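Read the structure below first, then the notes.
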Amino acid sequence: MSTTVLVPVYDVDLYADDVLADPYPHYTRIRELGRVVWMPVHEMWAISRYEDVKAVLQDWKTYSSAQGVSVDAEAGKNMAGTLLASDPPVHTPQRKVLNDRLTPFNLRELEASIDAWADELVAQLVEQGRFDAVTELAKPFPLSVIFNIVGLPQGGREHMLAWADAAFNAQGPANERSAAALPKLLGPGGLHDWIVTHAKRQHVSEDGIAAWIYDSVNRGEIDDNQALWLLLAFATAGIDTTVNALSWAVYYFAQHPEQWQLLREDPSLVPNAFNEVLRIETPIQGWARTVTTDHALAGVRIRAGDRLLVLFASANRDELFWDQPECFDVRRNASPQLAFGRGIHVCAGMGLAKLEGHAILKALAARVGRFSLAGEPQLHLNNVVRGLGSLPVEVR
Ligand code: HEM
């Protein structure tokens, strides 16, 4: 006797403009449909529940990154072998180069400088009284931090935000946004061009992370091509994600003055508040994995070669894990949030991103009694990163 198991299907383009503008009802629907849902538009499975997302991220042997994590399988293959798009043993030495540099000790050394840069920028904006929290705060701050600590030459600075945006768009499905991104990354005058011509070993500052990455080739730890991609990944991954985390932080505190009050009264809530922002507006909404062996996942048969869309942002709003997930509350324990991923690919810049987020929130808490919106916030649509393009605020 044969039985037919009906597989839940969600026939929607998750990367259409209207869906990117408000993805949450779609994630809710996907969670309701089942733990493993087939997405015909993308020809891949979607995983949306907290426990499943966590388990998939922790099992690189079954759910591999070696074919890339882009939604478009072909685009993913172009990155194969790089830090993000590899499994052990290829992943291990590349990751070690970053881990050896971003130790808790080294991060502690950076903390005072990052706090001082944040305080200086926030003081100047508060003095203005009215500013755009995206273009004047959330964008320039991570850009300065990355250029300073990576030690990149200043020449590329004016293009880096556009390159970072393109780097994430390129990792979505094959749509207009990813097609428009490719020339900015790989075309003449693009990011790759700039790195190979203007960010060579002799152009980067002596004590920055870029020099450290180049020197890891001389130390025999990684090859030239891996070093180049590590630099590309580090520069871009560290910008758009943090920009959007900071933008959403201001947005949520402007919408919830009572939560801002709680933070001001008790600044020890800052680390948890940053986690709560990342939970409720997860910068990297979802990335892919490729299945390595035939098996059943939550009762659904999936085969070697199948692709999974791992929805970090849905996991962070899963009602089976979080109490009232739609509610922004800096007092809930938000530390299990999955915005930085889990397992061997867990964000290599997590410690740095937290230093940046905490520094900005501390500086704002010390100087701002209340935010109010001074204009309509504008979304900025990107295939992978959920963010704002403009957020005019007034502070008192
Ligand atoms: C709030 C800010 C950030 C968020 C939400 C974030 C999120 C993530 C996530 C979800 C991953 C895992 C991808 C996967 O499992 O396939 C990741 C990996 C990575 N992130 Fe971040 N990130 C942030 C900031 C940064 C910063 C500041 C840097 C560096 C300056 C950085 C560098 C990287 C790198 C190099 C990887 C690849 C790690 C690997 O594959 O082993 N990120 N990030």
_Whichever lysines have a C-alpha closer than 25 Å to that of Lys54, once near sequence neighbours (fewer than 8 apart) are set aside_ = Lys77, Lys96, Lys354
_Which one, Pro88, Pro183, Ile30, projects farthest toward the positive side of the charge dipole computed for the chain from Cβ point charges (K/R +1, D/E -1)?_
Pro88
*Which one of Ser113, Val150, Ala162 has its Cα pushed farthest toward the positive end of the charge dipole of region 105-193, where Lys and Arg give +1 and Asp and Glu give -1 at the Cβ?*
Ala162
*How much of the accessible area of region 32-107, in percent, comes from carbon and sulfur atoms when a 1.4 Å probe is used?*
55
*For Asn225 and Glu127, compute 0.36 nm times the residue count separating them, minus their Cα-Cα distance, and round to one decimal in nm.*
30.7 nm
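Using Cα pairs closer than 8 Å and at least 6 residues apart in sequence, work out the relative contact order for region 42-162, in percent. Working shown, then result.
On the way: 65 pairs, mean separation 14.1, N = 121.
About 12 percent, as a whole number.
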*Which loop-located GluC sites (Glu not before Pro) does region 112-206 contain, where loop means any DSSP state but H, G, I, E or B and the Cβ has at most 12 other Cβ atoms within 10 Å?*
Glu206
_Please compute the modelled spin-label separation between Ser268 and Asp100, points set 7 Å along Cα→Cβ, answer in nm with one decimal._
3.8
*Given the options Gln226, Gln337, Gln154, which has the most mean-square fluctuation in a GNM of the chain, springs set between C-alpha atoms less than 10 angstrom apart?*
Gln154
*At what distance in nm do the modelled label points of Arg331 and Asp215 sit from each other, each positioned 7 Å from its Cα along Cα→Cβ?*
4.9
*Work out the charge dipole of region 282-341 with +1 on the Cβ of Lys and Arg and -1 on the Cβ of Asp and Glu about the Cα centre, then indicate which of Asn316, Phe340, Gly305 is farthest towards its positive end.*
Gly305
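Starting from the Cα-Cα distance between Ala80 and Asp193, subtract it from 0.36 nm times their residue separation and give me the gain in nm to one decimal.
Numbers: separation 113, 0.36 × 113 = 40.68 nm, distance 1.94 nm.
Result: 38.7 nm gained on full extension.
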*Picking from Ala73, Ala254, Ala296, which is most flexible by a Gaussian network model of the chain using Cα springs under 10 Å?*
Ala296
*Say we join alpha carbon atoms closer than 10 Å with springs in a Gaussian network model of the chain; which of Arg289, Arg279, Arg342 then has the biggest fluctuation?*
Arg342
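Name the shape class, rounded, prolate or oblate, that the alpha-carbon gyration tensor gives for the chain, where a ≥ b ≥ c are the square roots of its eigenvalues, rounded holds for a/c under 1.5, and otherwise prolate holds if a/b is larger than b/c and oblate otherwise.
Numbers: a/c = 1.70, a/b = 1.15, b/c = 1.48.
Note, shape of the chain comes out oblate.
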*asked:* Using only DSSP helix segments of four residues or longer, with each worth -39500 (n - 2.57), what per-residue ellipticity at 222 nm results for the chain after dividing by its residue count and rounding to 500?
replied: -14500 deg cm²/dmol
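With +1 on each Lys and Arg Cβ and -1 on each Asp and Glu Cβ, how big is the dipole of the chain about its Cα centre, in debye rounded to the nearest 20? Don't jump to the answer; show the numbers that get you there.
Details: 35 positive and 48 negative charges, 130 e Å.
In debye, rounded to 20, the chain gives about 620.
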*Residue-wise, which Karplus ³J(HN,Hα) couplings in Hz belong to region 200-206, taking 6.51 cos²θ - 1.76 cosθ + 1.60, θ = phi - 60°, and x for glycine or proline?*
5, 3, 6, 9, 8, 5, 4
*Sticking with the crude label model, points 7 Å out along Cα→Cβ, report the distance from Val300 to Val41 in nm, one decimal please.*
1.6
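The values are calculated or read from the model by the stated rules, or taken from the named source; none is laboratory data. All values reported here derive from a predicted model rather than from experimental measurement. A quick note on method: Cβ atoms are made from the backbone with ideal geometry, for glycine too, and the neighbour counts reach across all protein chains shown. Only protein heavy atoms, including side chains, enter the accessible area calculation; ligands, DNA and RNA are left aside. Shrake-Rupley method; radii C 1.70, N 1.55, O 1.52, S 1.80 Å.
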